[in-house]
1. Which of (1) at pLDDT below 80; (2) in a helix (DSSP H, G or I) is the odd one out, the single condition Gly68 does not satisfy?
2. Select from the stretch 1-44 the residues that are part of a loop (DSSP other than H, G, I, E, B) and at pLDDT 85 or above and list them in ascending order.
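The values are calculated or read from the model by the stated rules, or taken from the named source; none is laboratory data. Just so it is clear, the structure is predicted and the values come from calculations on it, not from any experiment.
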Amino acid sequence: MMGPSCRKAPARRSLVFRTVNCMEYFLCVLGMVMVLEGIPYFGFPEKMKQFMEFIQQQNDATLRIIGGALMFLGVVILFAARVGLRSQ
């Protein structure tokens, strides 16, 4: 059974928009995240080392607040994108 995020593309769309199963979609998203995460390490390795040293100096509470805020922002963006895509 497919969930709401795995719906088949409407028949009226061109062949460019084909049906994508959940695992294929998940792997595409995971690959894109890995590409985006790798850009700073590839482009600015010295700055990344400095940033990691800075992160090491932060206390756990600060890192938890930052992590929680980023997760919340991510959920808000996902929700906004899903609602926006559904209305089209």
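1. In the conditions (1) at pLDDT below 80; (2) in a helix (DSSP H, G or I), Gly68 misses (1) alone.
2. So in the stretch 1-44, the residues part of a loop (DSSP other than H, G, I, E, B) come out as 1-3, 7-21, 44.
If the condition is that a residue be part of a loop (DSSP other than H, G, I, E, B) and at pLDDT 85 or above, then Phe44 is the only one that fits.
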